[in-house]
Amino acid sequence: MSQTPLSQNTAAEQTLLSPQLLAKLEHMELISRKIFRGRMKGERKSRRRGQSVEFADFRNYVAGDDLRFIDWNMYARLDKLFLKLFLEEEDLHFYSLIDVSDSMKFGSPSKFEYAKQLAAALGYIGLCRTDRVKIEPLDGKRSTSAPVFRGRKNLWPMIQYLQGVASGGNVSLTEAVKSFCLRNSGKGIVVLITDLMDKQGYEEALKYLVAQEMDIYLIHVLSQEEIDPEIAGDLRLIDCEDQDVAEVSVSQRLLDRYRSTLAQFIGQARDFSSKRGIVYTMTSTERSVDRLVSRYLRQRGLVR
Amino acid sequence: MNFVWNTLPWWGWLTLLAVPPLIFLLYFLKLRRSPVEVPSTWLWAKAIEDMHVNSLWQRLRKNLLMLLQILFALLLLATCLRPGCDGTDLAGQRYIFLIDNSASMSATDTPSGVSRLEYAKQEIRKAISQMQSDTSMMLISFSDQANVVQSYTRNKGEALIRLDSIGQTERSSDLNEALVAAAGLANPGRTSDKESSIDVQVAEALDAVLMIYSDGGVRKVPRFAPGKLSPEYHAVGSVDDPPTNVGIVAFSISEPAENGAAQVFARLQNSDDQSQSISVSLFVDNQLQDAEARIEIDAGQTKSVSFDLPSVLVSAETPVAVRLKIDQDDIYLQDNQAFSVLNPPGKSNVLVVSRDNPYFKFACSTELIRKQAKVDFQDWDYLTTEEYLEKSVLGDYDLAIFEGIVPDLMPRCNTLVLGALPKSDWKSVGENSPTPIFDFDSSHPLLTAVQMGSVTIINSDNLEGPKGSLSLIEASDGPIGVLAPREGYLDFVLGFSIVEISNDGDAVINSDWPKKLSFPIFVQNVIANLGGASRFTSDQNVKPGDLLKLKRNDGVERLEIETPDGRKELVESQKENSFQFSGTDRSGIYRVSNAETKQLQRLVPVNLLDATESNLTVRESLDLGYSEYKQISTRVPSRKEWWPWLLGAGLVLLMVEWLIYNRRVFI
């Protein structure tokens, strides 16, 4: 009886994270360019002074301070009371925001699957370092809050949770991010995995995140058919989200124009992000998650 | 010259011009876009943003396929205009093509090495193919007779098929009949049907261009007024350089001499402008008999050659074929051979009916006549006997001579009648006493070498024969010697007799002719010509295409005639044992044999022997009646058609379009 869940677990893990990838990820660590205050004691240095073995600073004694932290050696030498301060080690808040709009269903593998894999991989790194890992679908539902995972033992619940995340719900990116920001005021690392295909624009959404003073990583996922469409003939293109129609007669001219538009779009997103301290990474679904994490994200300083 | 020709009526153009707009419309109507779901149309919308501004022109710019289709349709339209260049404009609505297919048109001095006739046909084919669709044309081929190959038609295809059917003949050429046929169709008041006296309006009289394709080697046309015809003479063959040709223009075998030997005469003509040296060979029954080498003939001159035939051959019991051949081949082969025959002498049956006239007996007692004829002398009473009736009806006689009497039933043979009138159609229109002879036709075979001037005749009747009779001897008041046809035979009637029988039965001499040398010669001529005895050697001179008339008196019902090319034809006897054969298209020896016994009866030579045909020089002008027509050109400039190229370009375009359609993304 006990075998069945185990084997199921393994299968589910393998669809999102292969054992090889897991082995690689175990040695990695999420890095925050900022030092945030955590909620619980963790493995990270905190700005907060607390109880740890690492010395941070001295300060003058004021009445009411805990006498246990007075540096008596200093009192002996200087005849003044100083309090010894130690660095506090805290946990890190790590958020993965997955765009679940219909446009994410395209590609092979689909952008949505890819996003889930990426979120799982980054989440596992966080779990290994006992960070607070929260993976939230951007479906704009304010009532349900995503669970927080912590500790390696929560790998299976996290994956099970990710399996349950379904795409759909065409909420605009801005709305969904705004909802997230309202519910999560804590600082930390935010990885936004999206295709940025929102007709209302992605700029507002990023501004909300920037306002949260979070360490923001934007992973722009595009499928190969978006990067280099293989279509021909006279076509009626239907938008899967709002059923908008665009009639095209595909010619080399049009394809060239599309490619230049796409390049322009990516360039704008990169510029916008870099101006606001957001680390932008564009990836294709054809690039493996393993490669993306171990190479590109490492280059960009998200993991170590 | 027209660069383009309209080949379509106005409604055809309307239909065709409607095609490009139709393609244009259909292209937009047919544009059924297949729906494809994409993550977002946002990028696409941005990409086609500027295309929405001027969508029609944007579409036009994109629709390469439609442009190609319209271009293709326009190319097809252009082909309907038949663009071309360097053509001669055939002005006029009617064309009559006269094509010479006489023997000389078989010469091969054309640029492409084909015969003149074949070249002329090629030229006409080109001319016909460049005609406009409303032009009517007529084809007439002519040699010594004209043949309307194709009456007026606008159907080019039919005309071209008929043109191909024109074949080479071995006949001489005579333009007269063809001109009459052509003029009858072009000029009012004439008819192309010469059998009919009624002028049937065969076609509306209209101006017509008469295009004569010939080498000009035709007999002169003395009286011809073109009327509404405008003749154009297109000379076929090499005009500047007269072709090299030496031909046999005469060939005959003389009567055997006393020793039984005969002589063969031939005349050779050189129509080149340089002297030629040739050699000739004489074949007897296809065995080389004699030859003569290095015969030099000056430019444009003729030269005679003669050979002796030994008596052994001449007196042979079976017919012998004699053939003379020029050993050197040239561009015109037909006149390089001539044929003749030596048929064994056959005796003709002659009946002489007279009373108290010994002179015929004397005249017929010469050795030559004895050799040629079996003469039966009878009195007047014989005409009432059963024997005469039977023999005359069966046609046993070849010649009958009646003096002073005419039978009620004329025999089925040629006759000579003296001093009497055959019952039908003959009239006496006056008497002469004495009879001064004014004139006689010494050129006629019956009177050859007969000197009538010194003959005295006392009483004679002036004669009036039936229709078609020919006066040979004239007295002061009218003809006294008349030759007239009777059902395929000839009657030679003299208005006087040698011996007159008076009412009381006495014989009175009426003429001193029997005492003159001319009388036996006359009898000899009559037996030779009317009795058929002249067939000893070469028979009548039959030319290709002539009707061959044969007469047998041995009761043969059917003859088999083998032509030179080995074809055998059966000829049924017509009335009075006469046979007629019209298939003498080729020159050569025709073998006549008994159809039942297959026994060879005789040989008949057929020769063209025409100096005009043998002269291959292409005439620079053609004399038609009172006008002379210069040759226009040896080559009719032909229209260079461009439309096949346009059509080919259209097809290539179609293929390119297909390629683009299948790989349109990779334009």
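The values are calculated or read from the model by the stated rules, or taken from the named source; none is laboratory data. A quick note: this is a predicted structure, and the numbers were derived from the prediction, not measured. Cβ coordinates were reconstructed from backbone atoms using ideal geometry, including for glycine residues, and neighbour counts include every protein chain displayed.
Here are some notes:
- When segment A:249-282 is limited to residues that are within 18 Å of the chain's Cα centre (by Cα) and assigned to a helix (DSSP H, G or I), the one that is surrounded by the most Cβ atoms within 10 Å (Cβ to Cβ) turns out to be A:Ser273.
- For segment B:499-523, the set of residues classified as more than 37 Å from the chain's Cα centre (by Cα) and crowded, with 24+ Cβ neighbours inside 10 Å consists of B:Ser511 only.
- Identification of strands (runs of 3 or more DSSP E) wholly contained in segment B:455-516 with 1 or more residues that are in the same structural domain as B:Glu403 (by TED's automatic domain parsing) and on the phi > 0 side of the Ramachandran plot yields no element.
- Some residue of segment A:174-191 being touching a Gly at 6+ places or on another chain (Cβ under 8 Å), within 14 Å of another protein chain (Cβ to nearest Cβ) and within 17 Å of A:Met104 (Cα to Cα): no
- Members of segment A:119-161 that are touching a residue at least 40 places away in the same chain (Cβ under 8 Å), acidic (Asp, Glu) and closer than 20 Å to A:Val100 by Cβ: A:Glu136
- Residue that is farthest from B:Ile660 (Cα to Cα), among those in segment A:227-260 that are of a type in the set (S, T, N, Q) and within 7 Å of chain B (Cβ to nearest Cβ): A:Ser249
- Any hit, segment A:283-302, residues being crowded, with 16+ Cβ neighbours inside 10 Å, closer than 29 Å to A:Ala120 by Cβ and within 14 Å of chain B (Cβ to nearest Cβ): yes
- Any hit, segment B:373-391, residues being under 12 Å from B:Ile527 (Cβ atoms), touching a residue at least 12 places away in the same chain (Cβ under 8 Å) and not hydrophobic (A, V, I, L, M, F, W, C): yes
- Test for B:Asp100: is it buried (at least 22 other Cβ atoms within 10 Å of the Cβ) and either within 14 Å of chain A (Cβ to nearest Cβ) or modelled with pLDDT of 85 or more (or both): yes
- Condition check for B:Val618 on (1) over 25 Å from B:Arg125 (Cβ atoms); (2) modelled with pLDDT of 80 or more; (3) within 24 Å of the chain's Cα centre (by Cα); (4) not hydroxyl-bearing (Ser, Thr, Tyr): one failure, at (1).
- For segment B:265-274, the set of residues classified as at pLDDT 85 or above and buried (at least 21 other Cβ atoms within 10 Å of the Cβ) consists of B:Ala266, B:Leu268, B:Asn270, listed by residue number.
- Filtering B:Pro39, B:Pro35, B:Pro21 for residues that are surrounded by fewer than 16 Cβ atoms within 10 Å (Cβ to Cβ), under 28 Å from A:Ser172 (Cα atoms) and either within 14 Å of chain A (Cβ to nearest Cβ) or at pLDDT 80 or above (or both) leaves a single hit, B:Pro35.
- Residue tally, condition within 14 Å of chain B (Cβ to nearest Cβ) and either over 20 Å from A:Leu297 (Cβ atoms) or under 14 Å from the mean Cα position of the chain (by Cα) (or both), over segment A:204-223: 2
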